[in-house]
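Since every read-out is calculated from the coordinates, none of them should be taken as a lab result. It should be emphasised that the depicted structure is a prediction, and the values quoted were computed from it without experimental measurement. For neighbour counting, all protein chains shown are included, and Cβ atoms are generated from backbone atoms with ideal geometry for every residue, glycine included.
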Number of protein chains: 2
Amino acid sequence: MSITETPVRLPIPPLPRGFRVAGAHAGLKRNPTREDISLVLSDHPATAAGVYTTNLVFAAPVAYDRARTPGTGFRAIAVNSGNANACTGTRGLEDAAAMAAAAAAALEIPSESVLVLSTGIIGEFLPLEKIEAGIAMVASQLASDADAVVASARGMMTTDTRPKLAGSSFQAGGRSHSLFGMAKGAAMVGPRMATMLGVILTDAALGVADAQRLLAEATEATFNCVSVDGHTSTNDTVLLLANGAAGGAPLAGRDLDAFGRALADACEALAREIADDGEGATHVLRVEVRGCRTRDEARQIARTVADSPLVKTAIHGADPNWGRIVSAAGYSGVPFDPDGLVLRLNGTLLFENGQPVSFDADLVSASIKAARETLIELEVHAGPAAIRFYSSDLTAEYVHLNADYHT
Amino acid sequence: MSITETPVRLPIPPLPRGFRVAGAHAGLKRNPTREDISLVLSDHPATAAGVYTTNLVFAAPVAYDRARTPGTGFRAIAVNSGNANACTGTRGLEDAAAMAAAAAAALEIPSESVLVLSTGIIGEFLPLEKIEAGIAMVASQLASDADAVVASARGMMTTDTRPKLAGSSFQAGGRSHSLFGMAKGAAMVGPRMATMLGVILTDAALGVADAQRLLAEATEATFNCVSVDGHTSTNDTVLLLANGAAGGAPLAGRDLDAFGRALADACEALAREIADDGEGATHVLRVEVRGCRTRDEARQIARTVADSPLVKTAIHGADPNWGRIVSAAGYSGVPFDPDGLVLRLNGTLLFENGQPVSFDADLVSASIKAARETLIELEVHAGPAAIRFYSSDLTAEYVHLNADYHT
């Protein structure tokens, strides 16, 4: 497997107050230029929330974090890539605890204030010596500058070609707050998940219940609306740390709403980045489904269209193949009247009243070729619910990457 | 798009008594060596049963046949490829009726004794002049020899590389009966369907209700357990004609059971052929799931494994990547205890008790490379239900075929 890296997208968002990060190579990945251990440290005890994979086969770090969040008093997240610590049984759980203990020792904080994230190969035991040495090393490199941010985001990458970062600032309670997010994921990205891995940091003060509720809501509308290959991972986790370093009481009312919007925007940006960096992708598919009875039904239609190999290859071929899109909606399992279905591709009307309309196929094809993002809009006329879903196209490069990536 | 044809698999099964068939090129496909019109004629009025796509967006011939089956008095099936007559509105329904009427005129039989099948491009109106001329031509070529059988099966092909044929004989009521089947399908083959197109002929006498019930049962366990790309077509149809030419009363009791077994075997053989001829396929995946609470749950697990692009590319790469298979089972939506899951690949135990077992990966990889079929066995330990599901691997050739096949 050979992944060609692409430059990180600028600008690098700043860390919220009271957070430091680091990332380094500890020998889990073969290539010594690839970071594989990261640490996130909050100088203040933080409220933590988490959302996790719905896969019945879930990894040890998922079990570890899920048992501890949501809650308060958290100080750090220890991350490794190159090994997922999944399907590793009882020893995997012990290794996840050992990884947390190693971070606690290096940072001189309580073990129970550390959460862990792992991603990479499934079914191999964590190389604990390398991880312990790596954690000790990155603990001495913690910083809050852009280089540290990029290194820490690279430390959670597997086949990603670039770090995925998002950030924003918002006003609440008369104070300025900021929010930062980083994520990874390029394959085994399926729609019934949290995401691959995501970490959201904020200097806002948040109540535990609010943190968990807002993270779950944001995930539902963003990370749970992205797919590369429809394969839900064993390790999907998004963690939120809110350390209150901006000062003030836990946010409430309109201030909490302001935070919720900033959080949703960051999650949306990271989710889109994951689809954009989908293995072998040449296009991002943005599928917008409107006029459904419920958001779940809208998502089900969008997911079926976004996951269809025939739709994904058509977009790769710059082919305005409305028949594949309409027939995918038709087998989604959501009941609707096909005669009321309206399809637009990159803004051009292709289908309504149960039939295709006359359109300039060359022009639509050229519009697909010209842009990284292809917009597929479906209107169902059954109700008020809508969804936006991101996916990537299916290319020969995806096949090569996954046929050659051996266990 | 360029499809390389492969030779028809020998032997060619004989037609049951009282049936004649033909196929020819009528100008719907560009390549003049490709048949695109077929006729099936029963010399006696036959009992007809049909199963159809569950896609809400279904083609005009599906609407036409579904309104008329099951029933008695059927004499012919008119088939065209190159045009699906799907998403064609009211005019599509009129064209399907015109196609039946053209066959009736050419064969001098009642219009209401004709069923129609179409497959090919979605969203274009049938070229009725070519179809009427083609039907008149093939009506003069009807025969029961092997050449006629191959030509008629080729007349329903689209991107198939070879005709898919099955046949057998069975004893019932002290008489010898025979059964013949032909099918097409290489993409837009999804698991919640009948199949692409299938025609089953028998000289047995069958009651209408028995014919429909047995066809539905056989389809459920065979055509509904095959997938190339998970994309359910608009045109899926399997038709059964039973003309009673073997003599005797409609089959009942043990005789009906004998017919049911022959029917299920033929459907199974054709379903496997469809997976085997999946676009770009280098391997057939046979996924056997056992120990489930219900057959639907077994199928859901099998389908999720068989449709995962990560599993399909792993098999293409001859990679015994048990992590992808186990995690696909885990996100299937079927509840089970992961610690009870057992996975075998080509007979070698790879995973049990929530962990991988030690195995010779090179040997298993070599076994995948050595055979066209790869056997994935999953045991869930939750109940008595089992299923067998066929799929194909995912290759760069599939992507090329579907990115370049323009509307």
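Cα-based radius of gyration for segment A:284-404, normalised by 2.2 N^0.38 Å, reads 1.03. For the protein assembly as shown, the average shadow cast by the Cα convex hull is 33.0 nm², which is a quarter of the hull's surface.
The rotation axis taking chain B to chain A passes closest to this chain B residue's Cβ, listed with the gap in Å: B:Ala396, 2. For A:Glu108, inter-copy separations between label points set 7 Å beyond Cα along the Cβ vector come to 10.5 nm, shortest first. Residues whose amide H lies under 5 Å from that of A:Arg17, counting only those 5 or more places away or on a different chain, are A:Ser178, A:Asp203; hydrogens are built 1.01 Å from N in the peptide plane. With the Kirkwood sum run over all distinct C-alpha pairs, segment B:310-355 has a hydrodynamic radius of 11.1 Å. Working note: Cα atoms of segment A:113-184, range along each principal axis, descending, whole Å: 49, 27, 24.
Against the longest alpha carbon principal axis of chain B, how many degrees, from 0 to 90 and to the nearest 10, is the axis of helix B:89-107 turned? Between helix and principal axis, roughly 60 degrees.
Spin-label model, A:Glu217/A:Val357: points 7 Å from Cα along the beta carbon direction are separated by 3.6 nm. In nanometres and ascending order, the distances from the A:Gly247 label point to those of the other copies are 10.4 (point 7 Å from Cα along Cα→Cβ). Remark: C-alpha extents of segment A:122-281 on the principal axes read 47, 38, 26 Å, sorted largest to smallest. For segment B:86-217, the pair-distance distribution built from all alpha carbon pairs, in bins 10 Å wide starting at 0, is 10, 33, 40, 16, 2 percent.
Relative to the other identical copies, A:Asp147 shows label-point distances of 8.1 nm, where the label point lies 7 Å from Cα along the Cβ direction and values run shortest first. Check A:Leu197: other-chain or 5+ apart residues with amide H under 5 Å from its amide H, H built from backbone geometry? When sequence neighbours closer than 5 places are left aside, the close amide H contacts are A:Lys184, A:Thr237.
Within chain B, all pairs of alpha-carbon atoms sorted by distance into 20 Å bins from zero give the percentages 29, 54, 17, 0.
Computed from the C-beta positions of B:Met137 and B:Ala63, the FRET efficiency with R₀ = 25 Å rounds to 0.40. Here the 3J(HN,Hα) profile of segment B:265-275, calculated from phi with Karplus coefficients 6.51, -1.76 and 1.60 at θ = phi - 60°, is 5, 5, 5, 4, 4, 5, 4, 5, 4, 5, 5 Hz, Gly and Pro shown as x. Listing B:His381, B:His25 from fewest to most neighbouring C-beta atoms within 10 Å gives B:His381, B:His25.
Pairwise Cα separations in segment A:341-407 fall into 5 Å bins from 0 onward with the following percentages, short to long: 3, 13, 17, 18, 16, 13, 9, 6, 4, 1. With coordinates expressed along the principal axes, the C-alpha atoms belonging to segment B:1-133 extend over 41, 41, 30 Å, beginning with the largest. The phi-based Karplus calculation (6.51 cos²θ - 1.76 cosθ + 1.60; θ = phi - 60°) puts the 3J(HN,Hα) values of segment B:283-294 at 9, 8, 9, 9, 9, 10, 10, 10, x, 9, 5, 9 Hz, whole numbers, x for Gly and Pro.
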